[in-house]
Amino acid sequence: MSDCLFCKIIGGEIPSSKVYEDELVFAFRDIAPMTPTHILVVPKAHLDSVDAVTPENSGVVAHIFEVIPRIAQAEGLVNGYRVVSNCGPDAGQTVKHLHFHILGGKPLATEMA
Ligand code: AMP
Ligand code: ZN
């Protein structure tokens with residue numbers, strides 16, 4: 001998608017602080033971290049949100065969930081972390097490219113919403 005912020009980050013058009021990359025996935029530090037460690041994990045192939053996941057493309061989501069614990073371990077999140085994906089306006093999704101937030105580095109709020 002030519003007009004997508006995260007596609008531009010994946011393509012190197014917009015700089016980011018990359019923490020992980022493979023053929024399917026790109027991960028980088030959130031520009032406005034909400035926790036000491038705040039990383040975004042995104043599929044390289046554009047999908048708008050969780051709503052766009054189908055039996056045909058869900059393999060990349062499984063792969064993302066294999067990569068997330070490896071990133072968490074590399075970041076030293078030994079006491080745990082939270083994985084969040086905001087989908088649509090009620091969830092406050094601001095970037096319409098599927099992404100998973102990894103939040104950690106401190107005890108997190110027990111209320112999720
Ligand atoms: P969401 O609100 O779930 O759509 O999350 C979008 C996230 O992208 C927010 O946490 C923003 O801080 C983050 N963000 C926006 N622009 C950038 C950028 N250029 N580099 C890194 N993170 C960004
Ligand atoms: Zn995109």
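The values are calculated or read from the model by the stated rules, or taken from the named source; none is laboratory data. The structure presented is a predicted model; accordingly, all values stated were derived computationally and were not measured. Cβ coordinates were reconstructed from backbone atoms using ideal geometry, including for glycine residues, and neighbour counts include every protein chain displayed. Keep in mind that these areas ignore ligands, DNA and RNA; they rest on the heavy atoms of the full protein, side chains included. Shrake-Rupley method; radii C 1.70, N 1.55, O 1.52, S 1.80 Å.
Condition first: within 16 Å of ligand 1 (Cβ to nearest atom), open to solvent by 40 Å² or more (accessible area, probe 1.4 Å), at positive phi and modelled with pLDDT of 95 or more. Can you find one or more residues in the range 33-54 that meet it? Within the range 33-54 (the criterion being within 16 Å of ligand 1 (Cβ to nearest atom), open to solvent by 40 Å² or more (accessible area, probe 1.4 Å), at positive phi and modelled with pLDDT of 95 or more), the answer is no, since none of the residues qualifies. Scanning the range 31-61 for residues that are in a helix (DSSP H, G or I) and within 15 Å of residue 101 (Cα to Cα) yields 50, 61. No other residue among 6, 26 is within 15 Å of ligand 2 (Cβ to nearest atom) and either closer than 27 Å to residue 111 by Cα or in a helix (DSSP H, G or I) (or both) apart from 6.
In the set (1) more than 20 Å from residue 113 (Cα to Cα); (2) away from ligand 1 (no atom under 16 Å from the Cβ), residue 80 fails one condition alone, (1). Restricting attention to the range 87-111, the residues being within 26 Å of residue 48 (Cβ to Cβ) and free of Cβ contacts under 8 Å to residues at least 12 places away in the same chain number 5. Scanning the range 62-78 for residues being in a loop (DSSP other than H, G, I, E, B) and open to solvent by 50 Å² or more (accessible area, probe 1.4 Å) gives a total of 2.
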